[in-house]
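Chemist: Supplied in structure tokens, the structure appears directly below.
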Amino acid sequence: MRTFWNLAGLILTVNLLPLLARAGEGGSFVLINMTPYNWNQVYINSYQMNAWNFPQSVLAGTMAKVYVEWDQYILDDQEDDGGEVVYQLEGSPTSASFQLQARATTTSFNLQAYYTNIATTSHPLGSVVDLGWVHNGNTVFVLSGVPGHFNTINPPSNWMQLSLATVGNKPLRQLVIPGSHDSGMSFVDGSTFFGGGASHVLTQTLSVGGQLTNGARYFDLRPVISSGIFKTGHYSTLPAVGYQGANGESFSQIILEINAFTAVNSELIILNLSHDLNTDSGYGSLTQADWDKLFLQLSGLSHLYVAPNPTTIDLSTLPLSQFIGLGSAAVIVLVDAGDKTVTLGSYATRGFYSSTTQFPLFNSYANTNGLSTLENDQLTKLAQNRISWNSSEFLLSWTLTQQAIDFTQKNAPSIIGYANQANNDLFTALPPVINRNVFPNILYIDNFNRTDVTALAIGINDYNTNWEGAGCGGVTGTQVQRFASLGRRVTQ
Ligand SMILES: *[C@@H]1O[C@H](CO)[C@@H](O)[C@H](O)[C@H]1NC(C)=O
Ligand SMILES: *[C@@H]1O[C@H](CO)[C@@H](O)[C@H](O)[C@H]1NC(C)=O
Ligand SMILES: *[C@@H]1O[C@H](CO)[C@@H](O)[C@H](O)[C@H]1NC(C)=O
């Protein structure tokens, strides 16, 4: 009994400690340096922060995870919490530096980037940009490129056009492109569930058009016929409940959104069609006649791209500039029909391609709801499959998958809830394992409602550009063009 009370007293004391100490919300500030320059700390200052300690330098091509903690001590004024740190880019041909800041109000915390001495494609010299604050998670800052070509968070919606000068000559298999899993499932439009199914079928919170605006360029579309209409669907044999699913965005809506986007953004968009089924007649695969109808409807896409030798070309070997270099958008439709006798017919020369033979890609998901299993699985597969900078395409399937327990346990995360965990983790898990040979080609995620994933992809592309060829000491616009035009990097 005595021991019990002592233990209870101890637990009580430990629990009360944070209230008596200068505790506050903590989280990580994740600094991703995809420039070719080391960042050196030249100034640091803070007031009333419990933690604001930054590394002396963040080396080129690396990530630093910095623990930040605010002061919410009852006797202090939270809105006075603040911090600044300034990094200078060592060896940049023109002087370049930026400041990161911590700012608080009585009700909120905020990390900020102040582009003091740096102009980027999305934020001009002198701008101050809100990075948000993720309690117990990662708040991300990414910077890549060289003077005149710096890229950072909130990339512009025509990021691929803006990348042409630097990576336009690279084939797709040497580039990173962000994309989404089950892209049409941002709302339910018809479902086999009697209710409450949304948490098991919705993979996205934004429509395809919204994802495009956030930078996604690769889409996983699963066509179903429902009451004679082509919609996207998400059907599977789910743990505990068996064969279930729902329909999402319709193809007619997706076509409208893509056309609206490509009318003003000359970007490359890849649509991968698979998992087809007819919900009107026994959930079988679409027939040739069904596919022909869908191909006809998809012919309403503007800017369908017809490659040279369209029936045999491996699209991943074509450089980005081949698709969009002339200043108009390019949309390619990859088809992986359930019925293997289905053919593209005349559509094979009109922007439609065989997914398996014309865009060969390693794509194998972890089938886990655990982050560390996901990391081990995907990062091992990445290292095994991307052995050179010219290896064939690798899709990093950065999604968590609900397991049986998620269907039976109350308050289990929804797919979107899991997506938020996985997406948050991407920024600290991926940068440490990539190098100029080992990097994914498609960053494939659920809930593509953020632009930092796009900034990371652009950053990796920038980092893989052969800036060294220019000595990193005096890269000019012309040199950037010249080294990009070499088409491959000298240092491997
Ligand atoms: C297309 O989707 C199918 C089904 O998810 C997948 O197996 C395949 O790897 C994807 N192919 C491409 C080129 O994206
Ligand atoms: C990259 O791989 C593709 C496909 O195997 C091949 O056609 C191409 O020549 C390779 N490029 C280089 C520079 O080796
Ligand atoms: C993305 O969606 C998640 C889940 O709905 C939400 O918590 C988060 O705030 C959204 N992020 C952005 C940038 O809108």
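Chemist: Could you check the stretch 291-320 and list, in sequence order, the residues that are over 16 Å from I269 (Cβ atoms) and within 16 Å of ligand 2 (Cβ to nearest atom)?
Modeler: Within the stretch 291-320, P308, N309, T312, I313, D314, T317, P319 meet the criteria.
Chemist: Right, next: If you check every pair at least six apart or on different chains, which have Cβ atoms under 9 Å apart with a residue in the stretch 149-161 that is touching a residue at least 60 places away in the same chain (Cβ under 8 Å) first and a residue that is part of a loop (DSSP other than H, G, I, E, B) and of a type in the set (D, E, K, R) second?
Modeler: Cβ pairs passing all conditions: S157/E267; N158/E267; W159/R217; W159/E267; M160/R217; M160/E267; Q161/E267.
Chemist: Only one residue in G327, G345, G351 is more than 23 Å from the chain's Cα centre (by Cα) and surrounded by 15 or more Cβ atoms within 10 Å (Cβ to Cβ), so which one is that?
Modeler: Answer to the selection: G351.
Chemist: Something else now. Please find, within the stretch 179-203, the residue that is surrounded by the fewest Cβ atoms within 10 Å (Cβ to Cβ) out of those that are within 24 Å of V264 (Cα to Cα) and in contact with a helix residue (DSSP H, G or I) (Cβ under 8 Å, 6 or more places away or on another chain).
Modeler: S186
Chemist: So, one more: List every residue pair whose Cβ atoms sit under 8 Å apart, with the two residues 6 or more apart in sequence or on different chains, where the first one lies in the stretch 320-333 and is at negative phi and the second, anywhere, is surrounded by fewer than 18 Cβ atoms within 10 Å (Cβ to Cβ) and in a loop (DSSP other than H, G, I, E, B).
Modeler: Taking only residues 6 or more apart or on different chains, the pairs are A329/S302; V331/S302.
Chemist: In this structure, does P155 turn out to be in contact with a Gly (Cβ under 7 Å, 6 or more places away or on another chain), buried (at least 19 other Cβ atoms within 10 Å of the Cβ) and within 23 Å of N466 (Cβ to Cβ)?
Modeler: Spelling it out, P155 is indeed in contact with a Gly (Cβ under 7 Å, 6 or more places away or on another chain), buried (at least 19 other Cβ atoms within 10 Å of the Cβ) and within 23 Å of N466 (Cβ to Cβ).
Chemist: Show me the helices (runs of 4 or more DSSP H) found entirely inside the stretch 365-442 where at least 1 residues are without any contact (Cβ under 8 Å) to a residue 60 or more places away in the chain and within 16 Å of ligand 3 (Cβ to nearest atom).
Modeler: 415-429
Chemist: So if I check each of Q378, Q358, which one is within 16 Å of ligand 2 (Cβ to nearest atom), in the same structural domain as P432 (by TED's automatic domain parsing) and closer than 29 Å to I445 by Cβ?
Modeler: Q358
Chemist: With surrounded by fewer than 19 Cβ atoms within 10 Å (Cβ to Cβ), under 18 Å from the mean Cα position of the chain (by Cα), more than 16 Å from ligand 1 (Cβ to nearest atom) and of a type outside the set (A, V, I, L, M, F, W, C) as the only criterion, which of G417, G370 stands out?
Modeler: G417
Chemist: Does G351 fit the bill of being at pLDDT below 95, within 16 Å of ligand 1 (Cβ to nearest atom) and in the same structural domain as G215 (by TED's automatic domain parsing)?
Modeler: The answer is no for G351.
Chemist: Can you confirm whether I415 is more than 23 Å from P36 (Cα to Cα) and touching a His at 6+ places or on another chain (Cβ under 8 Å)?
Modeler: yes
Chemist: Within the stretch 312-334, work out how many residues are part of a strand (DSSP E or B) and within 15 Å of R217 (Cα to Cα).
Modeler: 5
The values are calculated or read from the model by the stated rules, or taken from the named source; none is laboratory data. Quick caveat, the model's predicted, so the values are computed rather than measured. No Cβ is skipped: glycine too gets one built from the backbone with ideal geometry, and neighbour counts run over all protein chains shown.
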